[in-house]
Amino acid sequence: FIYHNEDKAKKIWELMQTYQGVDQKSIQRSIVNHVEYTLAMTRFNFSDFGCYQATAFSMRDRLLESWNDTNQYFTTHNVKRVYYLSLEFLLGRLMQNTLNNINMEKNYREALLDIGYDLERLYDEEVDPALGNGGLGRLAACFLDSLATLEVPAWGYGIRYDYGIFKQVIRDGYQCEVPDFWLSGGNPWEIERPEVVYPIRFYGYTEKYEENGVERAQWKGGEIVMAKAYDTPVPGYNTFNCNNLRLWKSLPAQEFDFQSFNKGDYLSSVEMKQRAEYITSVLYPNDNSQEGKELRLKQQYFFCSATVRDVIRRFKKNNSDWKDFPKKAALQLNDTHPAIAAVEFLRILIDEEKLDWGEAWKILHSSFSYTNHTVLPEALETWSVGLISHLLPRHMELIFLINHYFMEDIAKKYPGDYQRMEEMSIIAEGDDKQVRMANLCILCSHKVNGVAELHTKLIQETIFKRFHEYFPNKIENKTNGVTPRRWIHCANPKLSDLITEALEDSEWIGELERIEYLENFAEDEEFVQKWIDIKKQNKEKLAAKVKEVLGIKIPVNALYDVQIKRIHEYKRQLMNILYVIHRYLTLKDMTPGEREKVVPRVVIIGGKAAPGYHNAKAIIKLVNAVGDIVNNDKDIGDILKVIFYPNYCVSAAQTLIPASELSQHISTAGMEASGTSNMKFVMNGCLIIGTMDGANVEISEEVGEDNMFIFGARVHEVDDIRHRLFAGEHNPIGKRLQRVFDAILSGTFGDVSIIHPIIHSLMDGKDYYLVTEDFDSYVKAQNKVDDTYRDQKKWNMMSILGVSRSAKFSSDRTIEEYCDSIWKVDRIPIPTPSDS
Ligand code: 73E
């Protein structure tokens, strides 16, 4: 070699600098290079989409530098890493976020403008990568941003689905699902890693053998599928550090099964190949409910096995003593979906690394931890013993063993308490024995966390009560958070600039605690006027979008009232639309003069229903049907508009949230674990109407109950009320609500017979979600909203106070808490090459 390694690295860095300069020419050169040489497009005519792709490639080049250096540094310093295992990452578009994080938005905007392209238009060319259902997947994405920003060595691991969450199209008021093949135009952000592949086994059998007097087992036979890695760089805000998101795609083990080929069974060999690829083809579109299909379990194991192997390989590069593993790796399970990773890890330690049970268990237990996101019974995962034994025979044996040792401990501590043993067992007995994945996760983890204070208290006292008694320090709280980079700075750039102007620097974007100084401006007239103007501009932008998408004109001077989230009975979009109908009927009773005095409202509801969730789909139909009547009623005009916003997704949220003035978080108390959009709305100056549920409780503690519209039964009252309702002891339905039901049933909104069975159940007291019970206090809260909105000074003050008191809900705070009390990892800022 002519150069020593370091000299060589320096020389190459200098060469790279000639390519990666931050001046206009360098940026332009790299973009045009990609137009001609990566995309092979002609410079005489490339579309906005072509320009978007080339720009993304040029940005990826930059990211790769810091990404490579970061990983190199972490490896040579043998640092502890966090691994966030999640079946879902709801990333949203990457270009704007990336430019902001690497502080190059201005440079790119100017460079592009100079060659005739508008950066904002390019943002809209990007497909929204939607590899998640809702809050759980979006939380994972916010965590990635905060981990990188806080310079924590961390990798996300997940699945590279060919099809993300379906696109929602509304036909005749009904939801239709259209596949989302998000990769059709290529994905310029990812790097394929053909060299990072692992064989993954399914089915087969276990073989027992003896080795040095010890009985050992080996898993054999079955089918092999390959897992191939795809990496997406995750840059932090205002740091050179760049983390990684590694997603796995399934591939056949070999192109052709030559044996069947030679036997003349060509078609079945191709079928095998397709079966392998099928594993990572589609994201299951259920939020907060389990789909117990074999393919889902296959996805889970496939991704967990590849991930665990990858983590172990990285560990072994620098370490030889297994006892050090927990000092080098912390694996976080995002709900129970990746639970099988724990068993796979144990299997590798015992069967392949030949550790004894005690050692292996200790290593597993000190490195794994688990987040619970829901108490809804239909979402708590169980898998039948039969299915696991068939698909993963060795894992089933290990689960039985884990359970056996645990049951021995319980029997020792509580002799004769069979009820307790039954409750705590991983196995639910019965004709069709089930594995309770949450129990498995709790046992395998040193820490378990809930996602908001109320939720954590609930899991400690209800679903995990016995575990909390037995492991009193295990279950703790980590209130969710959201990244202010995407949810203020990118989504609401004008608000971001105003905050920066008021605080006289932009550091709040990376340290949200600083935003509290905004409180000083809550009554500053000049500031408040700017605040109002920004909201108005955001509303105009949304109104234009609604016009473009739905052809409906919505007034800008109305109160924008928004509920956007997955459609679920517990989230009570039904209560929202019932109230809207009540409002409509009340308006119809009024004289034109009276109507003029009513606060005009635009009610927007958006969200996807799981394709098999009949009642949720019925609610969507009702909202659309109500919109059809109300929006075309000449008596009503602009005083009330009802919009079902189709295909709600991350990029839609980025337009909707900054334009909202009131947002609804109205789940039945105790049912929404946390909610995270509530936090985003507050950060964008929107007021909340909500129940004392999930993180709403903490939001009310921070911003003050007076600055929110809180209503409804409290969590400790819910069980009794429900019991009363179902026992037929319910109060008669109030007059207002009865009138609403009558209007629906008599066809005021056309044929909405799909919702009739739900309405009839409510009238019969079969009201599991307490819609009828909470309706009156909801109406009261809504009246208070109107009264407050009339006092614009007060409203704006509440809005500004909300933003200035939202710091707790930054995911940076959440991640710091995970780092300190669960992962025990340090912040590792890496030096930029020019420093070294
Ligand atoms: O309250 C939200 C919470 O904010 C909760 O419903 C959601 O997780 C968010 C982030 O913590 C959630 N999603 C799921 N469980 N909880 C879930 C369950 C099964 C499949 C997909 C998602």
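Observations on the model:
- Single residue of Gly675, Gly690, Gly685, Gly712 found to be at positive phi and within 14 Å of the ligand (Cβ to nearest atom): Gly675
- For region 33-83, the candidate set comprises residues that are charged (D, E, K, R) and in a helix (DSSP H, G or I); within that set, the residue that is nearest to Asp820 (Cα to Cα) is Asp69.
Residue-wise test of (1) of a type outside the set (Asp, Glu); (2) in contact with a Gly (Cβ under 8 Å, 6 or more places away or on another chain); (3) more than 19 Å from Ile758 (Cβ to Cβ).
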site: Tyr570; (1), (2), (3): yes, no, no
site: Met575; (1), (2), (3): yes, no, no
site: Tyr579; (1), (2), (3): yes, no, no
site: His582; (1), (2), (3): yes, no, no
site: Lys588; (1), (2), (3): yes, no, yes
site: Gly593; (1), (2), (3): yes, no, yes
site: Glu596; (1), (2), (3): no, no, yes
site: Val599; (1), (2), (3): yes, no, yes
site: Val602; (1), (2), (3): yes, no, yes
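- For region 482-507, filtering for residues that are crowded, with 18+ Cβ neighbours inside 10 Å and charged (D, E, K, R) leaves 2.
- Residues that are assigned to a loop (DSSP other than H, G, I, E, B), over 21 Å from Phe57 (Cα atoms) and more than 16 Å from the ligand (Cβ to nearest atom), drawn from region 127-161: Leu150, Glu151, Val152, Pro153
- Yes/no for Asp310 being touching a helix residue (DSSP H, G or I) at 6+ places or on another chain (Cβ under 9 Å) and not aromatic (Phe, Trp, Tyr): no
- Selection count where residues are assigned to a loop (DSSP other than H, G, I, E, B), farther than 24 Å from Glu717 by Cα and within 16 Å of the ligand (Cβ to nearest atom), scope region 458-502: 4
Yes/no per residue for (1) surrounded by fewer than 18 Cβ atoms within 10 Å (Cβ to Cβ); (2) in contact with a Lys or Arg (Cβ under 8 Å, 6 or more places away or on another chain); (3) closer than 23 Å to Cys142 by Cα:
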| residue | (1), (2), (3) |
| --- | --- |
| Thr42 | yes, no, no |
| Cys51 | no, no, no |
| Ala56 | no, no, yes |
| Met59 | no, no, yes |
| Arg62 | no, no, yes |
| Asn71 | no, no, yes |
| Asn78 | yes, yes, no |
| Tyr83 | no, no, yes |
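- Residue in region 654-664 that is within 16 Å of Gly173 (Cβ to Cβ) and in contact with a Lys or Arg (Cβ under 9 Å, 6 or more places away or on another chain) present: no
- The helices (runs of 4 or more DSSP H) found entirely in region 763-821 that carry 3 or more residues being under 27 Å from the mean Cα position of the chain (by Cα) are 792-804, 811-818.
- Evaluation of Ile170 against (1) surrounded by fewer than 17 Cβ atoms within 10 Å (Cβ to Cβ); (2) assigned to a strand (DSSP E or B); (3) hydrophobic (A, V, I, L, M, F, W, C) (one fails), failing number: (1)
- Flag if Lys228 is away from the ligand (no atom under 16 Å from the Cβ), outside any loop (DSSP other than H, G, I, E, B) and under 30 Å from Val82 (Cα atoms): yes
- Residue check, Thr456 on the phi < 0 side of the Ramachandran plot and in contact with a Gly (Cβ under 9 Å, 6 or more places away or on another chain): yes
- Yes/no for Ser366 being more than 16 Å from the ligand (Cβ to nearest atom), under 23 Å from Val435 (Cα atoms), surrounded by fewer than 23 Cβ atoms within 10 Å (Cβ to Cβ) and among the hydroxyl-bearing types (Ser, Thr, Tyr): yes
- Test: residue in region 674-684 that is among the polar types (S, T, N, Q), under 20 Å from Lys780 (Cβ atoms), buried (at least 20 other Cβ atoms within 10 Å of the Cβ) and assigned by TED's automatic domain parsing to the domain that holds Asp787: no
- Conditions (1) within 28 Å of Gly158 (Cα to Cα); (2) assigned to a helix (DSSP H, G or I): number failed by Ser30: (1)
- Being in contact with a Leu (Cβ under 8 Å, 6 or more places away or on another chain) and either without any contact (Cβ under 8 Å) to a residue 12 or more places away in the chain or more than 16 Å from the ligand (Cβ to nearest atom) (or both) is a property that Asp124 lacks.
- Inter-residue pairs, beta-carbon under 9 Å, first over 17 Å from Leu247 (Cβ atoms) and within 16 Å of the ligand (Cβ to nearest atom) and in region 81-106, second assigned to a helix (DSSP H, G or I) and aliphatic (A, V, I, L, M), 6+ apart: none
- Test: residue in region 589-608 that is over 29 Å from Gln537 (Cβ atoms), in contact (Cβ under 8 Å) with a residue 40 or more places away in the chain and either touching a strand residue (DSSP E or B) at 6+ places or on another chain (Cβ under 9 Å) or crowded, with 24+ Cβ neighbours inside 10 Å (or both): no
- Residue among Gln332, Gln300 that alone is within 16 Å of the ligand (Cβ to nearest atom), at pLDDT 95 or above and out of contact with any His (no Cβ under 7 Å at 6 or more places or on another chain): Gln332
- Residues in region 346-360 that are exposed (fewer than 14 other Cβ atoms within 10 Å of the Cβ) and assigned to a loop (DSSP other than H, G, I, E, B): 2 in all.
- Region 188-200 residues that are under 21 Å from Gly221 (Cβ atoms) and in the same structural domain as Ile279 (by TED's automatic domain parsing), paired with ones that are modelled with pLDDT under 95 and not in a strand (DSSP E or B) (beta carbon under 8 Å, 6 or more apart): Pro199/Ala253
- Hits in region 428-457 (condition: crowded, with 21+ Cβ neighbours inside 10 Å and assigned to a helix (DSSP H, G or I)): Met437, Ala438, Asn439, Leu440, Cys441, Ile442, Leu443, Cys444, Leu454, His455, Thr456
- Top-ranked residue of region 375-427 - restricted to ones that are within 16 Å of the ligand (Cβ to nearest atom) and in a loop (DSSP other than H, G, I, E, B), ranked as surrounded by the most Cβ atoms within 10 Å (Cβ to Cβ): Glu381
- Within region 177-217, the set of residues being under 20 Å from Ala253 (Cβ atoms) and in a loop (DSSP other than H, G, I, E, B) comprises Tyr203, Gly204.
The values are calculated or read from the model by the stated rules, or taken from the named source; none is laboratory data. Quick caveat: nothing in here was measured; it's all calculated off a predicted structure. No Cβ is skipped: glycine too gets one built from the backbone with ideal geometry, and neighbour counts run over all protein chains shown.
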